[in-house]
Amino acid sequence: MIHFVGAGPGAADLLTVRATRLLATADVVLYPGTYLDPEVLAHVSDGAELVDTQHLSLDEITEHLVAAERDGRQTVRLGTGDMSVYSALHEQTQRLDAAGVEWDVTPGVPAYAAAAAAVGRELTVPLVAQSVVLTRTRARSTPMPDGEELKNFAATGATLVLHLAITRTRELMAELEPTHGPDCPVVVVSRASQPEEQVLRGTVGTIADAVEQAGLRQAAVILVGRALDATGGESYLYDAQRERRARAS
């Protein structure tokens, strides 16, 4: 059995209890060395084999997984954040299915949640924004599907979470300015929850300068939207005037 495990945003104490148990009993652990705080690997037993995947192709990673399974070794494949977003889970599990290898998934704390926590903001504020769009941009990566252009998401007014986009910050802010305005708040969090965490606050009109000055090139999440500095806006769910049914005793 191959266990795909969301390692969370990077902090060693933001893994789930299930994740730490799997790491402690694993014989082989494949991990993304580029994005992971090394302290996460402190949960791994001393005798386990560690494989850093940052320089491996998908086929090479699959070879390690299949070989470990055939040797009867319990294996954990760590992914950053949560495995449901930008984790290549789809590609890896298709290859394992073809090889007849069983697998399962353990969720993790997503990077955007850690980024929001770092600045103490809710991404959904009543009467301001009630939707969150998780998306990315294309640089040296797979083309975006038709219809998933940033301008289409921007038009909804939802809070935007931009992954894998930090090197194109200036271009993206120029694209967002017509819908959001230059004063719309933006937060950039690099390596959220890790010792090297950096938080940059600005607006659509100013954040690119801050990113370039800080020299950020990877492992950063960009949050854009009016919810980031909203005042007022309270949920009807907790309104004192809302009729509430008495609980059955």
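What the table shows:
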| quantity | calculated |
| --- | --- |
| Phi to ³J(HN,Hα) by Karplus 6.51 cos²θ - 1.76 cosθ + 1.60 over the stretch 183-199, Hz, x for Gly, Pro | 9, 5, x, 9, 10, 10, 10, 9, 6, 3, 6, 8, x, 8, 3, 10, 10 |
| nm² value of the averaged projected area, convex hull over the Cα atoms of the stretch 1-147 | 10.7 |
| Protection-proxy order for peptides 60-69, 155-164, each taking the mean of Cβ atoms within 10 Å per residue, highest first | 155-164, 60-69 |
| Rh by Kirkwood over Cα pairs, then Stokes-Einstein D for the chain at 0.890 mPa s and 25 °C, µm²/s | 123 |
| Relative contact order (%) - the chain, alpha-carbon pairs under 8 angstrom, separation at least six | 20 |
| Percentage of interatomic Cα-Cα distances in the stretch 167-225 larger than 18 Å | 26 |
| Contact order normalised by residue count of the stretch 2-106, Cα under 8 Å, 6+ apart, percent | 43 |
| Separation of alpha-carbon centers, the stretch 108-160 and the stretch 1-71, rounded to whole Å | 27 |
| Lys/Arg +1, Asp/Glu -1 at C-beta; the chain dipole; positive extreme among L228, T167, I61 | L228 |
| Phi to ³J(HN,Hα) by Karplus 6.51 cos²θ - 1.76 cosθ + 1.60 over the stretch 82-98, Hz, x for Gly, Pro | 10, 5, 7, 9, 6, 10, 6, 4, 4, 5, 5, 6, 4, 5, 5, 4, 5 |
| Hydrodynamic radius by Kirkwood, which averages 1/r over all alpha carbon pairs of the stretch 16-91, in angstrom | 12.8 |
| In range of the label at T16: residues from the stretch 89-127 whose backbone nitrogen is under 15 Å from the point 7 Å along Cα→Cβ | 104-111 |
| Projected-area mean, the stretch 111-228, by convex hull of Cα positions, square nanometres | 6.8 |
| DSSP beta bridge pairing in the chain, given as percent antiparallel to the nearest 5 | 45 |
| Using alpha-carbon coordinates, inclination of helix 58-70 to the longest axis of the chain, degrees | 50 |
| Percentage relative contact order, the stretch 111-228, counting C-alpha pairs under 8 Å, at least six apart | 32 |
| Computed label-point distance, nm, for sites A230 and E149 using a 7 Å Cα→Cβ extension | 2.8 |
| D37, D52, D13, D46, reordered so the largest accessible area comes first (probe 1.4 Å) | D46, D13, D52, D37 |
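The values are calculated or read from the model by the stated rules, or taken from the named source; none is laboratory data. Here the structure is a predicted model, which means the values were calculated and not measured. In this analysis, Cβ positions are derived from the backbone assuming ideal geometry, glycine residues included, and neighbour counts consider all displayed protein chains. Areas reflect the complete protein model, heavy atoms only, side chains present, ligands, DNA and RNA absent. Shrake-Rupley method; radii C 1.70, N 1.55, O 1.52, S 1.80 Å.
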